[in-house]
Amino acid sequence: MTEIRMKVNGDVEALDVEPRVSLLDALRERLGLMGPKKGCDQGACGACTVLADGMRINSCLALAVQYDGSEITTIEGVTHPLQEAFVRHDGFQCGYCTSGQICSAIGMLAEHEAGMPSAVADASPLTEAEVRERMSGNLCRCGAYNGIVDAIMDVAGKDGR
Amino acid sequence: MRSFAYVKAADVEEAVRAVAADPGAKFLGGGTNLVDLMREGIERPDTVVDVTGLPFDTVDELPDGGLRIGALVRNSALAADRRVRTRYPMLSQALLSGASAQLRNMATVGGNLLQRTRCPYFYDAASACNKREPGSGCDALDGFNRSCAILGVSESCIATHPSDMCVALAALDAVVEVRGVDGVRRVPLTDFHRLPGDTPEIETTLAAGELVTAVELPPLPVAANSRYRKVRDRASYAFALVSVAAALEVRDGMVTQARLALGGVAPKPWRAREAERVLQGGPADEAAFRRAAEAELAGATGRQGNAFKAGLARATIVATLRELSTGEAR
Amino acid sequence: MGVTHDTRAGQGEVRAMSVSQAEATERATGTEKYVGRAVDRVDGPAKTTGRARFAAEHPYPGLAHAALVHATVARARITAIDTEAARAVPGVIDVLTHENTPPMKPPPKVSFLDLSTLVSGTTVNYLATDEVHWNGQPVAVVVAETPEAARHAASLVRPSYAELPATVDFSAEEPRAVPQKGNLIAEAEADKGDAQAALAAAAHSVDLTFSTPPHNHNAIEPHATTAVWEGDRLTVHEGTQSIAWTRRHLAKRFGVPEQDVRVLSPYVGGGFGGKGSVWAGTLLAVLAARVTNRPVRLALTREGVYHTVGGRTPSTQRVALGADEQGRLTALIHTSVSRVARTGGMPEGITAGSRHLYASPNIHLRQSITRLDLLANTFMRAPGEAIGTFALESAMDELAWETGIDPIELRMRNEPERAPIGGQRFSNRLLREAYAVGAERFGWRERDPRAGAMRDGRWLVGMGVATAYHPQMRFSAHVKVRMSADGQVVVRCGLQEMGMGTATAQAQIAADELGVPLESVRVEIGDSDLPQGPGAGGSNQTASAAAGVIEASAKLKRALLALARRAPGSPLRGRRLEELEARDGGLYHGGRGQTYAEILAAAGRDHVEAESKGNMLGLLVRTMNDRRKWVKAAIGAQFCEVRVDPDTMEVRVSRWLGVFDVGRVINARTAASQLRGGIVMGIGMALSEQTLVDGRSGRIVNPSLAEYHLPVQADIPRIDVHCLDEPDPTTPLGLIGVGEVSITGAAAAVANAVRHATGKRVLDLPITLDKLL
Ligand SMILES: Cc1cc2nc3c(=O)[nH]c(=O)nc-3n(C[C@H](O)[C@H](O)[C@H](O)COP(=O)(O)OP(=O)(O)OC[C@H]3O[C@@H](n4cnc5c(N)ncnc54)[C@H](O)[C@@H]3O)c2cc1C
Ligand code: FES
Ligand code: FES
């Protein structure tokens, strides 16, 4: 067992975990934060996306011990216009990928703001094609992809990007 | 995943010593490959030495005009680096074409170099795989081998090296700096990975306990006109079927410099020297590009599922060179 | 028989008429306030804040975690099973094998008198047998204090096998397929005239053989079960499309009364058919909880889902079409081979769509099956039609090339007046309108009819169409509706929510029926303690439940009126319900009336409840009768544009339009989302999805979301969907169902667009670039 401390959604949490426990399982099983979802446990779907020190990561391939001292934000700690926009634009159906989509979108907007390029373009306007590429790490089997893009474009537009 | 001890390395010496002394120990970078394989029971270290706290997380100018990339620089940070984007655009493009944004935020340069194959039979502990379990055979030879290699393969293994980043590095004459108990070594990227031969389980020329500390890029003006082109089964978030990293300098219609490497077709990032030789000094036209591609792929040995890769690689090489020579995007 | 271009204006008028008719109905009844509108989902806030709890997310004190051990051979007897190393793992509570586990009751025999018997995923009685029937079958269960310990210990269990010969290679077995048997509701063959002779004599013909690979549902939520026994009472949290049947199945398997089993499933993280049956994980979680006397959670790994939950069958299909000089079909032949397992599985109705899509004097349809030593297949979104329409609609497109007739025009020339085989009438069939509206919106006129002639820069551009078709299904629903003294309405029915917006749609219907604001309606679903709802499958749920909500609401209004009529001084005294309007939270005759709250207050009651019991047997009889008169189905026109890279032959879908006749639309937004979702899945099926089953071992080689390529965000263009929104005159509220129709025809539309762009006809899915190089 290793003792770690993380600031999770604003609260400092100390917990004893085995090194093999993933950040995702630490959040879900130890801290009871069921917002981040487990879709594959293989890094291949993005349902487990959380923000670690502001960066979006797949928490299923992260060992909790590696994030000792980090600040973690899960969907439970999010209050963001994207949430309402997802409802308005029907950016989900079953809702299972949604926590990951929203956390990912928040991280994505920050990355874009910071000048991070994408495989689509080096340039800055956040086009729909850009959003699609940048959000491709989040699968949605219900196929709510159009609504997700609309929700993001809506919010990004309001921010004057 | 079995239990293991976790050590967060505070300094290089300690990290190298810890792993060199213990055959069951492994370095841990972003964890995006190692944790996955540990969960599948394919990697079974008893100690994991986390190196992400070591101070190799910057990209620095070299006196000769090259760049020194710390082994712990995250894939996303490297892709975003202005100098990389202007001086070696193919490297930034290669990184951005790999995995997903979340994974790129986690993955390190060192881990990317050492990521293991995605051959499905390697991933399935119930299948025969000489790489996973030497001597057990290779189920890919007559199985699903659509993703497998056509160059540099052996009868014991046809798995590919899956990295995109490494393909660009191979084309760029990158040099890997490694630190072992006996000190520092510098290995050209093209000598860093091994071909399978009879020992596909040995994938690199690293000795036990050697830590990758940096990758150095030489100054390479031709690389400013470079491109990474990745062909895969969906538009994003998939490994390459074939990829091409190319840099080209054309003067008066003639190729004065060319750098070319291939991904998805070989057990290691494949520097296409044969093609470069054919291109060098020749006309920058479609026919010459085709001759170069064909020269490189002359030795390709496809199987039922992956024979198409030779044609695809040829087409992708030609398309990428055409794009670089005309400056016209697709 | 019209000609597309000439009748387009005329059909536009039809469309306009249908809209104004709908509006007229609306005005006349004055009740249509919410139905049809794009209302926000009622569970939106729960799903966007992480509050919605799925099956693996219910904490219990003392909760233990289970993990499965999967067989690594296709057919065998287990000769020994070494659990010592697993038991030695710290935290392991127990390892269940066939040697030490009290058997469950065997799965019930299938009977149409008890539809819950359809819900067994396989016929194997897990852990009650030493037999292995497929590569991946669960052969042991580890229960431990933590998920990590359980999973690790599971990897240490060592079964020894005496292997038996196994038949696992579909393509090798396919020639030995035997004719499939039909049943009450699904015929497996049809013959009309002499199709072979007509084909041989036809002026134009095509004769093509297609193949489609196995698919997996890949709901992003892997199957999970949390099982808790308190004495002989069982509570199960489970993501299921079939709450009631799951409950009955579990009661039977564990020998307890049905009322002592409670299945809770308020949120299902995607189903698509994959959560329609009871599979090993559910049973083994309940069994493990019983044996260890602990609450047990079993969350399948992604790989575990592939090994224990069936997917879509692969198929080979022959479609041969003969036509006269004008492109009118003279022969239609569609035969198919699919697979089931020796231990269960559902034969798909692959040629079902071909019974109804085209007029032809000569038709020959036949379905055959093989039985293999693989995990049983199961229904996946539009079973039968999804893959059947790929073949039929690809062949139809090829006939268009063959005859030189525009593909839409060719379809219009073969549009039947009545069902081509049974001669029934179509209760609704706006296919002409769908194509006319679609062609206009999509710019079909811009399409250069020559192959490979359209370009965008270097990209080759292609446009294709295909018809979508999915029959309507209905089950019965038991619905209770309660009106409280404060005017709040509660609708209760054990429905499933896996993304369709179930509660939202029923709230809209109830609000309209009762004339109350949407905000005052709460819909309770997802619990077997509620009145029994239909399962979510065959796109039936919304329509089935709507019938119940409408009837229960009518009874409720009647009961409330009866109360009012008894109250002295009520303005409703002497009134009949037929004269009244339900609006503004009450019943009114012109300006005079009373709110429900007033009625209840006057009567001194705090609530009134009414119910619609639903009668499955009656409904079944009615359905059978109906089937002789009507063909009821959703139909649509799919329009796809692709771009193909001329060097690498990568295919990208660049535009999509689907125009559908799905009857009445309850919620314009959620319906559009569901239709889009089917198209997205259809695009995946067309271009990238396949489950790789190793023909030597029967092992699934890509049981992972990294290697089974679902479409990602970047694969999906803007998808325009348009519903003709004409109520079906023969169904409750005019509903047909939107869940499945849009995956049908989708793969063919892509294939046809690729054919147009490249000149190449790909006959086997998925259309990966190597098939175009
Ligand atoms: C779903 C998915 C999709 C992906 N798609 C792509 C893709 O399209 N293209 C692509 O290129 N990659 C792809 N990847 C792989 C990804 O790029 C690698 O997992 C990542 O680069 C590994 O970096 P890491 O830091 O996380 O390595 P880790 O997982 O931490 O380590 C990987 C290996 O490197 C060793 N190691 C780590 N650091 C050092 C060091 N400094 N010195 C010596 N040894 C070290 C470890 O011991 C381990 O053996 C994908 C991964 C996933 C899960
Ligand atoms: S659960 Fe982490 S990426 Fe799928
Ligand atoms: S909403 Fe169901 S997976 Fe995205």
## Note on the structure
Using a 1.4 Å probe on heavy atoms of the protein chains only, the accessible area for C:SER528 in Å², nearest 10, reads 10
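Just to confirm the filter: which GluC sites (Glu not before Pro) across region C:258-341 are DSSP coil and have at most 15 other Cβ within 10 angstrom of their Cβ?
C:GLU325
Tell me: how much accessible area in total is hidden between B and A, 1.4 Å probe, Å², nearest 100?
2700
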### Summary
Expressed in nanometres to one decimal, the distance between label points 7 Å along Cα→Cβ at B:VAL184 and B:VAL12 is 0.6
### Query
What's the center-to-center distance, using Cα atoms, between region C:650-712 and region A:1-31 in Å?
36
### Message
Report the Rg/Rh value for the protein assembly as shown, based on alpha-carbon coordinates and the Kirkwood definition of Rh.
### Response
0.97
#### Entry: Simple spin-label estimate for C:ARG441 and C:ASP194 in nanometres, 7 Å along Cα-Cβ
4.6
### Message
Can you give me the C-alpha center-to-center distance between region B:242-311 and region B:54-118, rounded to a whole angstrom?
### Response
24
### Summary
At q = 0.11, 0.20 1/Å the base-10 log of I(q)/I(0) from the Debye formula over the alpha-carbon atoms of region A:81-155 is -0.24, -0.77
### Query
Which length gain, in nm to one decimal place, applies between C:SER160 and C:ARG371 when the Cα-Cα distance is subtracted from 0.36 nm times their residue separation?
73.4 nm
### Message
Less than 18 Å apart at the alpha-carbon level, and either on another chain or at least 8 residues along: which lysines does that give for A:LYS38?
### Response
C:LYS47, C:LYS275
### Query
In sequence order, what are the phi-derived ³J(HN,Hα) couplings for region C:575-583 according to the Karplus relation 6.51 cos²θ - 1.76 cosθ + 1.60 with θ = phi - 60°, rounded to whole Hz, with x for glycine and proline?
8, 9, 4, 4, 7, 9, 10, 8, 7
### Query
Going by accessible area, probe 1.4 Å, with all protein chains left in place, what is the ranking of B:SER226, C:SER697, largest first?
C:SER697, B:SER226
### Query
Rounded to the nearest 5, what % of the DSSP beta bridges within region A:2-76 are antiparallel ones?
90
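Just to verify a number: FRET efficiency for C:ALA203 and C:ASP764, C-beta to C-beta distance, R0 = 30 Å, to 0.05?
Taking R0 as 30 Å, the efficiency between C:ALA203 and C:ASP764 is 0.60.
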### Query
Taking only DSSP H segments of four or more residues, each worth -39500 (n - 2.57), what value at 222 nm results for chain A once the sum is divided by all its residues, to the nearest 500 deg cm²/dmol?
-8500 deg cm²/dmol
### Task
Restricting things to alpha carbons, tell me how big region A:2-76 is in terms of Rg and Dmax, in Å.
10.8, 29
### Task
Rounded to whole Å and sorted largest first, list the principal axis extents of the Cα atoms in region C:62-165.
48, 39, 20
### Query
With axes computed from alpha carbons, what is the tilt in degrees of helix B:286-297 against the longest principal axis of chain B, rounded to the nearest 10 within 0 to 90?
30
### Principal axis dimensions, largest first and in whole angstrom, of region C:195-249 by Cα
72, 25, 11
### Query
Measuring with a 1.4 Å probe in the full set of protein chains, what accessible area per residue, in whole Å², belongs to the protein assembly as shown?
33
### Query
Could you give the dipole magnitude of chain C about its Cα centre, charging the beta-carbon of Lys and Arg +1 and that of Asp and Glu -1, in debye to the nearest 20?
1500
### Query
If you wrap a convex hull around the Cα atoms of region C:347-428, how much volume per residue is inside, in Å³?
129
### Query
Efficiency by 1/(1 + (r/R0)^6): what FRET value for C:ARG652 and A:GLU113, r their Cβ-Cβ distance, R0 = 25 Å, to the nearest 0.05?
0.35
#### Entry: Per residue convex hull volume, Cα atoms of region B:1-102, in Å³
120
### Task
Output the direction-averaged projected area (hull surface divided by four) of the convex hull of the alpha-carbon atoms of chain C, in nm².
34.0
### Contact order normalised by residue count of chain C, Cα under 8 Å, 6+ apart, percent
17
### trypsin sites (Lys or Arg not before Pro) restricted to region C:59-161 and DSSP loop, no more than 11 other C-beta within 10 Å
C:LYS109
### Task
Would you please name the chymotrypsin sites (Phe, Trp or Tyr not before Pro) within region C:74-174 that are DSSP coil residues with at most 13 other C-beta atoms within 10 Å of their C-beta?
C:PHE112
### Message
Based only on Cα atoms, what mean projected area does the convex hull of region C:531-606 have, in nm²?
### Response
6.2
### Query
Given a cut-off of under 8 Å on Cα pairs at least six residues apart, what relative contact order in percent is computed for region C:141-282?
18
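Could you tell me what percent of the DSSP beta bridges with both partners in chain A are antiparallel, to the nearest 5? Don't jump to the answer; show the numbers that get you there.
Working: 14 of 16 bridges.
The antiparallel fraction comes to roughly 90 percent.
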## Note on the structure
For the pair A and C, the solvent-accessible area buried on both sides (1.4 Å probe; DNA, RNA and ligands excluded), in Å² to the nearest hundred, is 4200
### Query
What is the P(r) of region C:603-646, as percent of Cα-Cα pairs per 5 Å bin from 0?
5, 11, 10, 9, 9, 9, 8, 9, 9, 8, 5, 3, 2, 1, 1, 0
### Query
Of C:ASP647, C:ASP406, C:ASP191, C:ASP728, which has the most accessible area and how do the rest follow, probe 1.4 Å?
C:ASP191, C:ASP406, C:ASP647, C:ASP728
### Message
At a threshold of 8 angstrom on Cα-Cα distance, excluding pairs fewer than six apart, so keeping six or more, what relative contact order does chain B reach in percent?
### Response
17
### Task
Rank B:GLN93, B:GLN304, B:GLN115 by mean-square fluctuation in a GNM of chain B with C-alpha springs under 10 angstrom and give only the top-ranked residue.
B:GLN304
### Query
So which helices of chain C fit the span-like rule, where a helix is a whole DSSP H run, its Cα atoms reach 27 Å or more along the axis, and its mean Kyte-Doolittle is at least 0.0?
C:541-566, C:668-687
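Give the Kirkwood hydrodynamic radius (Å, one decimal) of region B:237-276, defined as one over the mean of 1/r across all pairs of different Cα atoms.
On the way: mean 1/r = 0.0887 Å⁻¹.
After inverting the pairwise mean of 1/r, the radius is 11.3 Å.
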### Length released on extending from C:PHE112 to C:GLU145, taking residue separation times 0.36 nm less the Cα-Cα span
7.7 nm
### Summary
Of the listed links C:LYS109/C:LYS613; B:LYS268/C:LYS771; B:LYS8/B:LYS268; B:LYS131/C:LYS771; C:LYS33/C:LYS557; B:LYS230/C:LYS771, those spanning more than 20 angstrom between alpha carbons are C:LYS109/C:LYS613; B:LYS268/C:LYS771; B:LYS8/B:LYS268; B:LYS131/C:LYS771
### Measure of compaction for region C:439-483 (Cα Rg per 2.2 N^0.38 Å)
2.37
### Task
Take chain B, drop everything but the C-alpha atoms, weight them equally and run the Debye formula without solvent; then report log10 I(q)/I(0) at 0.08, 0.09, 0.10 Å⁻¹ to two decimals.
-0.35, -0.45, -0.56
### Inter-label distance, nm, simple model (7 Å from Cα along the C-beta direction), B:GLN304/C:ARG627
4.1
### Task
Place a label point 7 angstrom from the Cα of C:ARG450 along the Cα-to-Cβ direction, then list the residues of region C:745-771 whose backbone nitrogen is under 16 Å away.
C:756-760
### Query
Name the residues of region B:299-330 whose accessible area falls by at least 10 Å² when all protein chains are present instead of the chain alone, probe 1.4 Å?
B:PHE308, B:LEU312, B:ALA315, B:ALA319, B:ARG322, B:GLU328, B:ARG330
### Task
Compare each residue of region B:110-137 in its chain alone against the assembly with all protein chains, and report those whose accessible area goes down by 30 Å² or more; 1.4 Å probe, heavy atoms.
B:ARG118, B:PRO120, B:TYR121, B:ASP124, B:ALA126
### Task
Mind giving me the FRET efficiency for C:ALA601 and C:ARG558? R0 is 25 Å, r the Cβ-Cβ distance, nearest 0.05 is fine.
0.85
### Equivalent ellipsoid semi-axes, chain A, via Cα gyration tensor eigenvalues times 5, rooted, Å
28, 16, 14
#### Entry: q = 0.25 Å⁻¹: log10 I(q)/I(0) that the Debye formula gives for region C:294-336, counting C-alpha atoms only
-0.90
### Task
Quick one: check the C-alpha center-to-center distance for region A:118-148 versus region C:98-132, whole angstrom.
45
## Note on the structure
In the protein assembly as shown the accessible area split gives carbon plus sulfur, as whole percent at 1.4 Å, a share of 50
### Message
Please list 3J(HN,Hα) in residue order for region C:84-99, calculated via the Karplus relation 6.51 cos²θ - 1.76 cosθ + 1.60 where θ = phi - 60°; whole Hz, with x for glycine and proline.
### Response
4, 4, 5, 5, 6, 5, x, x, 6, 8, 6, 10, 9, 9, 5, 7
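The values are calculated or read from the model by the stated rules, or taken from the named source; none is laboratory data. From a predicted model like this one, the values you see are computed outputs, not experimental measurements. Here Cβ is always computed from backbone atoms with ideal geometry, including for glycine, and neighbour counts include all displayed protein chains. Only protein heavy atoms, including side chains, enter the accessible area calculation; ligands, DNA and RNA are left aside. Shrake-Rupley method; radii C 1.70, N 1.55, O 1.52, S 1.80 Å.
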